[in-house]
Every structure is written in structure tokens, then in C-alpha cells.
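Worksheet: one structure, shown below.
The values are calculated or read from the model by the stated rules, or taken from the named source; none is laboratory data. These figures come from a predicted structure and were not determined experimentally. So basically every Cβ, Gly included, is an ideal-geometry build from the backbone, and we count neighbours across all protein chains shown.
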There are 2 protein chains.
Amino acid sequence: MNIDELETPVPVVDLDILERNLDRMAGYASAHGLGLRPHIKTHKSPRVGAEQLRRGAVGLTCATTHEAEVMADLTDDILVAYPPVGQARLARLMNLPRHVRLMVALDSAEAIEGLAEAAQAAGRSVRVLVECDLGMHRVGVVTPDDAIRLAQLVRARPPLEFAGVTFYPGHIRGTRADQAAPLAALRDDVDRWLGALRAAGFAPEIVSGGSTPTAFDAHEVGGLTEIRPGTYCYNDREIVSTGAAERADCAFTVVATIVSTAVPGQAVCDAGCKALGREPLRVGAGTGFGELLDHPEVTVKGMSEEHGILDLSQTTWRPRVGERVRIIPNHVCIVTHLNDVIHGVRGHRVETSWPVAARGRAQLV
Amino acid sequence: MNIDELETPVPVVDLDILERNLDRMAGYASAHGLGLRPHIKTHKSPRVGAEQLRRGAVGLTCATTHEAEVMADLTDDILVAYPPVGQARLARLMNLPRHVRLMVALDSAEAIEGLAEAAQAAGRSVRVLVECDLGMHRVGVVTPDDAIRLAQLVRARPPLEFAGVTFYPGHIRGTRADQAAPLAALRDDVDRWLGALRAAGFAPEIVSGGSTPTAFDAHEVGGLTEIRPGTYCYNDREIVSTGAAERADCAFTVVATIVSTAVPGQAVCDAGCKALGREPLRVGAGTGFGELLDHPEVTVKGMSEEHGILDLSQTTWRPRVGERVRIIPNHVCIVTHLNDVIHGVRGHRVETSWPVAARGRAQLV
């Protein structure tokens with residue numbers, strides 16, 4: 001099948017680029033002795049997860065219980081990098097297949113208490129990473145003393161096991177030049193936190209960090225044992241703006257059709273916010289919600305649910321109704337989450353398709 | 001089952017409010033002799049669509065081919081209010097069950113040409129509404145002469161049938177007071193366009209307009225025969241800000257759990273942009289991506305994919321880890337599109353659940 005036969009809007013992944021991206025990160029982690037535990041939120045796909053494991057990933061990282069359930073088919077080493085709070089969530093985690101050596105991240109005594117009760121009732125050991133806030137200010141304990149206090153609580157509650165610490169440097173996402181100072185601060189913080197933990201008798205076996213924008217600097221952060229980048233498999237406009245990937249490394253595009261040029265000065269395609277998501281660019285001067293693969297000067301400047309309005313002010317190109325375009329999205333993890341099927345292409349040939357098996361919540365009632 | 005037993009984040013619909021909303025709009029349309037053809041993009045659910053038809057809807061409005069395929073089980077009168085551009089899209093439309101009397105909206109000669117060829121090849125008559133731009137500047141021809149020209153093209157290409165005109169007053173979404181002037185302009189425009197069409201021999205059988213924010217003023221627009229509001233079934237923060245519904249009319253909330261309070265001054269819940277969407281409020285002074293049902297002063301001020309950060313600056317309430325909240329989203333149509341299952345509740349009891357059967361694209365390869 002040719003890519004032009006697909007009904008639009010439709011997400012396609014260039015398989016050559018995907019494979020190159022996977023090879024590159026696996027090679028980097030291997031070269032620096034870092035465990036690579038990819039976050040599967042970006043692809044939510046057993047197909048891509050298996051490719052990551054085949055290239056030496058030590059395990060997989062998930063956020064939702066459904067992601068963990070789906071990825072349990074592929075690996076016995078899963079980190080749920082999300083606080084295990086709530087009875088229903090805990091019940092699903094405890095029901096993961098027994099071959100899974102479950103590890104979770106958390107940042108509160110309440111989460112430890114709930115998890116300990118559930119793990120005890122299930123007769124299941126769970127490894128715990130204490131989540132530390134090293135600058136993002138989203139989740140995570142804010143001082144080394146807080147981390148030590150939680151590590152003590154974990155150790156006091158078998159079958160929980162204190163396995164180490166985790167942090168997410170999501171605040172470091174500027175251009176490469178902008179990243180230098182916060183990366184230096186991060187290195188110092190990690191040194192300080194790990195020193196305090198070791199001094200208190202809680203030497204972490206696992207120190208997990210690393211986002212895609214910072215991934216290729218992870219070896220400069222002393223003490224890190226694992227990284228868990230997600231977006232690197234596909235890349236997107238945001239990652240390119242940080243300098244962690246080139247435009248040519250963007251494997252994922254949304255194919256769209258021009259459906260209207262009736263209103264003068266603009267063209268409307270069928271990829272709106274139900275196909276592209278409404279994610280702003282957070283780095284650099286770029287605007288819009290995506291840019292055209294073949295016309296980098298054209299962005300999606302506005303969206304309705306099923307309409308994307310192209311900004312033609314910087315181009316002499318004038319699309320006609322029926323013409324097709326390919327859009328590099330700002331934030332690919334959201335686009336994956338909007339779709340049930342991804343098509344893998346080489347050139348213009350649709351070589352394969354795969355379900356986004358871990359999207360949704362699959363809540364059982 | 002109690003609502004507190006559901007794993008979060010999870011969308012729930014208050015059935016009492018839903019039924020009241022459906023009754024209200026059906027009553028309004030009936031009282032004013034307007035055909036109600038609800039846009040199902042908001043609920044994407046045969047369950048809710050059937051309730052709309054049971055209350056007298058003349059048919060249903062869809063945007064995507066998959067929506068039309070799913071709703072074809074319920075009704076024989078479907079308007080696909082979206083330009084039928086592209087071979088794959090046309091093929092799916094022509095494959096709708098034969099009992100469906102298909103009607104489409106379009107705004108270009110190219111769309112007419114493609115549709116005429118497909119309809120002829122399929123031996124299937126298709127009713128056409130010419131889409132007119134009456135101020136939104138998204139799609140639609142921009143002058144009555146353009147509309148007449150397209151109507152002529154349609155009439156020249158049986159099995160296409162010229163059925164009338166359609167417009168979407170999506171630009172009229174301010175508060176009630178702000179709407180007065182643009183509504184008056186819209187009335188004048190509709191008069192002028194319909195006059196020109198009639199004079200040219202293209203008296204429209206159907207004149208379709210009406211969004212949820214303008215729905216209850218539709219009877220004041222002379223010549224309108226049908227309205228196709230969507231959001232009114234659930235309502236959301238945006239609709240409330242226009243004055244077309246009260247806060248108590250919001251049937252749809254996302255139940256979330258507080259998962260972290262580790263970073264001082266904020267609380268983090270598990271409804272991020274993969275659960276809530278990242279839709280800004282476009283009307284009024286409200287900020288954030290949703291507000292709490294039980295704490296209207298608290299909004300979701302920031303989001304990651306699976307984290308929603310609550311703004312506690314306007315409240316003395318201090319949530320604890322494990323506590324549950326219910327969030328009224330800014331734009332409910334997006335939240336529906338993010339979910340596979342909706343739970344219907346009365347009070348705290350989960351009475352029923354239904355699949356969001358028309359979400360996704362269901363592309364067949």
C-alpha cells in the first residue's frame with residue numbers, strides 16, 4: 001500500500017528513522033555503562049518496546065497501570081514511574097503477572113503506607129525508588145533529609161525494598177547552550193543528595209534520571225545508573241528545538257489533506273487538535289502546533305477539533321484542495337495517545353501497522 | 001459500584017444532568033419549530049445519540065467517517081459536516097449502509113467533483129449543503145455569489161442534490177452581552193445570503209446553523225431550519241463562560257486522585273493533559289485547564305502528560321495524598337476523545353458505563 005492511500009488524518013512513522021533513533025540511544029547508553037530503561041509513554045506499543053529491549057534496554061518505564069499491564073508481556077523488569085496512590089491503582093499493580101519484578105517511584109509516606117499494605121496482602125515484593133525534586137518542582141521530595149526519611153519508611157515495611165532514587169530533569173529543556181548552567185547545577189545536586197543518602201546508610205542501587213533533551217549528557221552526571229528517555233524513539237519539534245535531535249531525526253508525522261481553501265489567505269487541513277494535540281512549543285522561538293515536513297516555513301497556526309489552519313504568510317506555496325501534507329507535531333507523545341493505530345512506512349510504502357496497545361486506561365468495571 | 005472505586009483519572013457523567021440537558025435542547029428546538037440535528041463529536045456514543053433521537057432529533061451530525069459509520073446504526077439521516085475530500089474518505093462515505101440518506105457539507109469545486117465521481121460510481125445520491133463563512137473564517141465560501149456558483153455545480157452533477165446551506169457561528173462565543181452585536185450581524189447576513197440564493201433559483205430546503213453557545217438564540221435567526229449543537233449534552237467550563245449553561249448543567253467531570261503534595265505550595269493530581277486535554281478557556285477571565293467541582297476557586301494551573309498541578313493560591317483547602325477531586329474540563333469534546341469508556345453516575349453510584357464507540361479513526365489497512 002502507498003502512503004497516499006491512507007485516509008487522513010493519519011500518523012505514520014518512518015521506520016528507517018525510528019531504527020536509527022533506537023540504535024543511537026542504545027549505543028550511547030552502552031558506551032557509557034548506563035542502563036537504558038525507555039519510557040514507553042511515547043509509543044505505547046509492544047512493537048517498539050520489543051525493539052528497545054532487543055537493543056539492550058534493561059527494562060521499561062511506564063506511567064499508567066495499563067501501560068504496565070501491556071508491557072508485562074515483553075519484560076520482567078518494569079518501573080512504574082508514577083506514585084502508586086489509590087486502591088484501584090494498587091490493585092491493578094498487584095495483579096501484574098508474577099514474573100514482573102515491579103519497581104515504583106513515590107514521594108510520600110501515604111504512598112508508602114498504601115503500597116506496603118497492598119504488597120503485603122498480595123505477598124509480593126516491590127522495589128521502591130524515592131522520587132526527588134531536583135529542580136522541576138512537579139513531584140518529588142525537596143531535601144535529602146526528606147528522601148532519607150522515606151527510605152527509612154520503605155525499609156521498615158517489607159515486602160517493600162528500598163532500591164534507590166529517581167528524578168526527572170524535565171525543567172532542563174532549553175537549547176544546548178541554555179542547558180549548560182542547569183546541568184551543572186544538577187550534577188552538584190546529585191552529588192550532594194547521593195552523598196547524604198550514603199552517609200545515612202541508604203546507598204542507592206539505582207539512580208534513575210534522564211529525559212530525552214538531557215539524555216546525551218547523562219554520562220556527565222556522576223552516580224547515575226539508569227536513564228529513561230521516552231521521546232527519542234520518534235522525536236518531535238520540541239526535541240529538535242532543544243538540540244537533542246535534528247529535524248531529520250523526526251520519525252513521526254501526521255499525514256493530512258487540504259480540505260478547504262475557501263477563506264482567502266489560508267488553507268485548512270484535516271489535522272485539528274483531535275489529531276495533533278494542542279501542545280505549545282516550550283523551547284525556542286517557534287510558534288504553532290506543528291510544521292510541515294516538506295515546507296518547514298509553514299506551521300499549523302490554529303486548530304479546531306478536526307481542522308488545522310496553515311499559516312501561509314511565510315511561503316509562496318499555495319496548496320490546493322486535495323493536496324496532502326505531512327506535519328511534524330510539537331509533542332509526539334500526545335499524538336500517539338490520540339491514535340489507535342500507527343503505520344510504519346519506508347519512503348512512500350506502508351510496510352506495516354501496529355496498534356497503540358497501551359493507550360487508554362482499559363478500566364474494568 | 002461506588003464512584004470512589006473507579007481507578008483515576010476517569011471520566012464520569014452525571015446522568016440526571018445529562019438527561020436534563022438533552023430535554024432542554026429538545027424542548028427548545030420543538031418549541032421553535034427547528035430541526036435538532038445534534039453534533040455527536042462531543043459524546044461519540046451510540047448511547048447518547050440514541051437518547052437524542054428518542055427526544056425528537058431529526059438526525060445526527062458527524063465530522064469523521066468513523067463517526068458516521070457508528071451512528072449509521074441509529075439513524076438513516078446523517079449530515080457529515082465536513083468536506084468530503086480524498087479518495088479514502090470518499091470510499092468510506094460511499095460504503096455507509098444504504099439505508100443512510102447521506103448529506104455532506106462542502107465549500108469547493110474540487111470537493112464537488114470528487115464527490116460526484118464517487119457518488120456516481122457507487123450509484124448513490126448524496127445531498128449537499130454549501131458551507132458558508134458567516135464570520136468564523138475557518139471554512140466556507142465567503143460571498144453569496146460563491147455559494148450560488150457551487151450550488152449550480154452541485155445541481156449539474158446528479159446523483160448529487162443541492163439541499164441547502166450550512167454555516168457554523170463558532171466565532172460567536174463571548175458572554176451573552178458580547179454576543180448581541182455579532183448575533184444581529186449574523187441575522188442580517190443570513191437574510192442577505194438566503195435572499196441572493198432564492199433570487200438565483202436556489203431556495204435552500206435546509207438552512208443549518210447553530211452552535212451550543214448560540215443555540216438558544218437560533219429562533220431569532222430568520223430562515224434557519226436546523227441547529228446542530230454538540231456540547232450541550234455535557235456542557236463544560238467554556239460553555240458556562242458564555243452563559244449558555246450554568247455550572248450546575250455540567251454533566252461531565254474527570255475524577256482524579258491527589259498523588260503528590262511533596263513540592264510545597266501545590267498539589268498534584270493524576271489528571272494531566274492525556275486526561276484533560278490542553279484546551280485554554282477562550283471566553284471570560286478564567287484561567288487554567290479545568291476547575292474543581294467542589295472547590296470552584298481551584299483550577300488546574302499546569303499539566304504534564306499524567307500530572308495536573310492544582311493552583312491552591314485562592315483557597316484555604318489543603319488536599320492530602322489519596323484524596324479525590326472532580327474536575328470540570330474546559331472543553332469536554334476533547335476529553336471524550338481521550339477516553340474509551342464513560343461511566344454514568346447518579347450521586348455516588350456508578351449506574352452504567354458505555355464505550356466511546358466513535359472515537360478514533362478505525363482506519364482499515
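Quick check: is even one residue across the range B:42-57 closer than 24 Å to B:Arg157 by Cβ and β-branched (Val, Ile, Thr)? Taking every residue of the range B:42-57 in turn, none turns out to be closer than 24 Å to B:Arg157 by Cβ and β-branched (Val, Ile, Thr).
Within the range B:180-206, residues that are touching a residue at least 40 places away in the same chain (Cβ under 8 Å) sit with their Cβ atoms under 6 Å from residues that are part of a loop (DSSP other than H, G, I, E, B) and among the hydroxyl-bearing types (Ser, Thr, Tyr), at 6+ positions apart or across chains, in these pairs: B:Ile206/B:Thr225. Say whether the condition of being polar (S, T, N, Q), in contact with a strand residue (DSSP E or B) (Cβ under 8 Å, 6 or more places away or on another chain) and more than 16 Å from A:Phe216 (Cβ to Cβ) is met by at least one residue in the range A:235-258. Looking for residues that are polar (S, T, N, Q), in contact with a strand residue (DSSP E or B) (Cβ under 8 Å, 6 or more places away or on another chain) and more than 16 Å from A:Phe216 (Cβ to Cβ), one finds at least one in the range A:235-258, hence yes. The condition (being at pLDDT below 95 and in contact with a Pro (Cβ under 6 Å, 6 or more places away or on another chain)) is satisfied by just one residue among A:Ala215, A:Ala177: A:Ala215. B:Ala358 meets the conditions (1) facing chain A (nearest Cβ under 9 Å); (2) farther than 25 Å from B:Gly288 by Cα; (3) part of a loop (DSSP other than H, G, I, E, B) in every case but one. The failed one is (1). B:Pro319 - would you say it is under 24 Å from B:Val70 (Cβ atoms) and touching a residue at least 40 places away in the same chain (Cβ under 8 Å)? Judged against the criteria, B:Pro319 is not a match. Filtering the range B:124-133 for residues that are away from every other protein chain (no Cβ under 14 Å), of a type outside the set (S, T, N, Q) and either surrounded by fewer than 19 Cβ atoms within 10 Å (Cβ to Cβ) or touching an Asp or Glu at 6+ places or on another chain (Cβ under 6 Å) (or both) leaves a non-empty set. Considering only residues that are facing chain B (nearest Cβ under 9 Å), within 25 Å of the chain's Cα centre (by Cα) and outside any loop (DSSP other than H, G, I, E, B), which ones fall in the range A:315-349? Within the range A:315-349, A:Cys333, A:Ile334, A:His337, A:Val341, A:His343 meet the criteria.
Residues that are assigned to a loop (DSSP other than H, G, I, E, B) and within 14 Å of another protein chain (Cβ to nearest Cβ) were ranked within the range B:1-32; the one that is surrounded by the fewest Cβ atoms within 10 Å (Cβ to Cβ) is B:Met1.
Just one residue in the set A:Val126, A:Val139, A:Val207, A:Val165 is under 22 Å from the mean Cα position of the chain (by Cα) and more than 26 Å from A:Ser30 (Cα to Cα); that residue is A:Val139. Every test in (1) surrounded by fewer than 19 Cβ atoms within 10 Å (Cβ to Cβ); (2) at pLDDT 95 or above is passed by A:Met136 save one, and that test is (2). Going through the range A:185-221 one residue at a time, which ones are among the small types (Gly, Ala, Ser) and over 20 Å from A:Thr143 (Cβ atoms)? If the condition is that a residue be among the small types (Gly, Ala, Ser) and over 20 Å from A:Thr143 (Cβ atoms), then A:Gly210, A:Ser211, A:Ala215, A:Ala218 are the ones that fit.
Checking each residue in the range B:140-178 for being of a type in the set (Val, Ile, Thr), in a loop (DSSP other than H, G, I, E, B) and surrounded by fewer than 20 Cβ atoms within 10 Å (Cβ to Cβ) picks out B:Val142, B:Thr143, B:Thr175. Looking at the range A:179-280, the strands (runs of 3 or more DSSP E) lying wholly inside it that each contain 3 or more residues that are in the same structural domain as A:Gly302 (by TED's automatic domain parsing) sit at A:252-260, A:266-269. Annotation for the range A:73-84: at least one member residue is among the charged types (D, E, K, R), surrounded by fewer than 23 Cβ atoms within 10 Å (Cβ to Cβ) and assigned to a loop (DSSP other than H, G, I, E, B). Taking the range B:253-272 as the range and being within 7 Å of chain A (Cβ to nearest Cβ) and under 21 Å from the mean Cα position of the chain (by Cα) as the test, no residue passes. Residues of the range B:301-314 include none that is assigned to a strand (DSSP E or B), hydroxyl-bearing (Ser, Thr, Tyr) and under 30 Å from B:Ser45 (Cβ atoms). Would you check if B:Arg138 is within 9 Å of another protein chain (Cβ to nearest Cβ) and either free of Cβ contacts under 8 Å to residues at least 60 places away in the same chain or in contact with a helix residue (DSSP H, G or I) (Cβ under 6 Å, 6 or more places away or on another chain) (or both)? So B:Arg138 fits the description; yes. Being of a type in the set (A, V, I, L, M) and part of a strand (DSSP E or B) is the filter; apply it to the range B:98-123 and report the residue that is nearest to the other protein chains (Cβ to nearest Cβ). Looking at residues that are of a type in the set (A, V, I, L, M) and part of a strand (DSSP E or B), I get B:Leu106. Tell me yes or no: at least one residue of the range B:8-21 is of a type in the set (S, T, N, Q), in contact (Cβ under 8 Å) with a residue 40 or more places away in the chain and over 24 Å from A:Glu305 (Cα atoms). Within the range B:8-21 (the criterion being of a type in the set (S, T, N, Q), in contact (Cβ under 8 Å) with a residue 40 or more places away in the chain and over 24 Å from A:Glu305 (Cα atoms)), the answer is yes, since at least one residue qualifies. Number of residues in the range A:329-358 that are within 27 Å of A:Pro280 (Cβ to Cβ) and in contact with an Asp or Glu (Cβ under 7 Å, 6 or more places away or on another chain): the value is 8.
Filtering the range A:43-51 for residues that are surrounded by fewer than 18 Cβ atoms within 10 Å (Cβ to Cβ), acidic (Asp, Glu) and assigned to a helix (DSSP H, G or I) leaves an empty set. For the range A:273-289, a residue qualifies if it is within 17 Å of the chain's Cα centre (by Cα) and small (Gly, Ala, Ser), and exactly one does: A:Gly277.
Within the range B:285-314, the residues that satisfy the criterion of being of a type in the set (A, V, I, L, M, F, W, C), within 14 Å of chain A (Cβ to nearest Cβ) and touching a Leu at 6+ places or on another chain (Cβ under 7 Å) are B:Phe289, B:Val300, B:Met303. Filtered by the rule that a residue be out of contact with any Phe, Trp or Tyr (no Cβ under 8 Å at 6 or more places or on another chain) and part of a strand (DSSP E or B), the range B:128-139 gives a lone residue, B:Leu129.
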